[in-house]
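Novice: Before I ask anything, let me first share the structure, which is written out below as structure tokens.
The values are calculated or read from the model by the stated rules, or taken from the named source; none is laboratory data. Predicted, not measured: the structure shown is a model, and the values here were computed from it. Neighbour counts run over all protein chains shown; Cβ positions are idealised from the backbone, glycine included. Side chains are part of the model used for accessible areas, which takes the heavy atoms of the whole protein and leaves out ligands, DNA and RNA. Shrake-Rupley method; radii C 1.70, N 1.55, O 1.52, S 1.80 Å.
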Amino acid sequence: MSAVRITTADGQSVAVTSTTDIIPAWASRYLGSWWTAERTTELYGPIVSADLAEGELRGYADVVEQRSPDTVEYAGAELLVAQDGDLITAVQDDRSLAYRWDPDFRLLRIVGTDETTLAAAAARLARELLRAQLLEDGWSILHASAVTTTEGATILTLGDKGAGKTTTALTLARAGWRLLANDRVFARVDDGIVRVLPWPSAAAFGFGLLDALDLYETVRTRLASGEQMHPTQHQTVTDALLDGRRTPLWKASGKGELKPQFWPDQLTSWLSMPLAAEGHVTGILFPQITAGAEPRLIGGARGVQDGDFFTAVTEDRYPDVFGLLPAPGDPTVLREHLDGLAHQGVLMSHDAAANALVLKEAVARLGA
């Protein structure tokens, strides 16, 4: 057996085990760049156990089919879910994966027939078990990006979809800050300070953003040399990068751009952006992006809104089908502290150099 323990900066942990080393190694790479990943022989606390096991998969599928399962969309595919007492068993509609959650033993068993699919599922559910512990301990999740200094002073960026949260974070990371989050972040008030922790995930950046930050050719060169990007990346994106094409690609549904996908460690090794494992918020940026605008500081910062708090309602890809998450906490105290921090509005354009200059001025205004 091979096992790795993933531990957050706040001390929550989960073990990922398998009869093959591939599964723990994937979890280490996926989660260990943000949190701590260490080999272990001690299997306590919640455990994700994942293996290639076609016979066991068929057995779980039979269990689900003998009941009247619920049908939900999970990770972009149909999932059939059945409950027997406290045991929850689920199977993908094409039987590529099956799951069983036993809350008494805090054991999540995952079986499948494809190593990559299985490894991705194990890492994703390990993160969910850590998310459950963090929420239980009073953390909330924000739709936000965040960068930190080496001492942990953190600039949080809030805004609606398309406002420029990721652009702000990557621009500051290119300017010497440490990247803590580009999309979501855990936050909690401790002794009057808003602490933040990262939400580990693969990162997706559009061709336009990579080009604007002068990173497109770096990525293309690494890929052309034989290095591999995250396996969830669509083949048309890989082909476009290798061909040097920069025109955005769109999903078949037309809803959303197909983007280059990076392992977390590639943010540092490929894009020269060091990562941070925790921080404390000293100020908040509220960006707006308008093509052709002159980047500048603006007044009337948008302020903290209800939509900045991530909830089960806004989780549209990985619903809590296994009942892992606690009841939502009250974010009132966190919101009051966020409202009390220094705020600054920033107008940006597609001019990366000009954006960098105005963001430097903005963080200085916030005392960072």
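Novice: Helix 115-136: angle to the longest alpha-carbon principal axis of the chain, degrees 0 to 90, nearest 10?
Specialist: The answer is roughly 70 degrees.
Novice: How many angstrom lie between the C-alpha centres of region 59-113 and region 155-213?
Specialist: Cα centres, region 59-113 to region 155-213: 34 Å.
Novice: Sorted by mean Cβ packing within 10 Å, highest first, what order do the peptides 326-335, 138-147, 169-178 take?
Specialist: Per-residue mean Cβ counts within 10 Å order the peptides as 138-147, 169-178, 326-335.
Novice: Going by Cα centres, region 330-360 and region 253-284 are how many Å apart?
Specialist: Comparing the Cα centres of region 330-360 and region 253-284, I get a distance of 18 Å.
Novice: To check you understand DSSP bridge types, tell me what percent of the beta bridges within region 241-368 (both residues inside) are antiparallel, rounded to 5.
Specialist: 40
Novice: Taking all protein chains as present, what is the carbon and sulfur share of the accessible area of region 248-368, in % to the nearest whole number, probe 1.4 Å?
Specialist: That share works out to 53 percent.
Novice: Grab the other residues whose beta carbon is less than 15 angstrom from that of H343, score K and R as +1, D and E as -1, and report the net.
Specialist: 0
Novice: Quick check for me: using +1 on Lys/Arg Cβ and -1 on Asp/Glu Cβ, what's the dipole size of the chain about its Cα centre, in debye to the nearest 20?
Specialist: 1120
Novice: May I pose another question? Tell me, in nm to one decimal, what length is gained between E151 and R67 on full extension, where the rule is 0.36 nm per residue of separation less the Cα-Cα distance?
Specialist: Going from the current span to full extension adds 24.8 nm.
Novice: Count the DSSP beta bridges whose two residues both fall in the chain, then state the antiparallel fraction as a percent rounded to the nearest 5.
Specialist: 70
Novice: Let me ask something else. May I ask you to give the solvent-accessible area per residue for the chain, in square angstrom, as obtained with a 1.4 angstrom probe?
Specialist: 44
Novice: Could you compute the FRET efficiency for Y44 and T116, with r as their C-beta to C-beta distance and R0 at 35 Å, rounded to 0.05?
Specialist: 0.80
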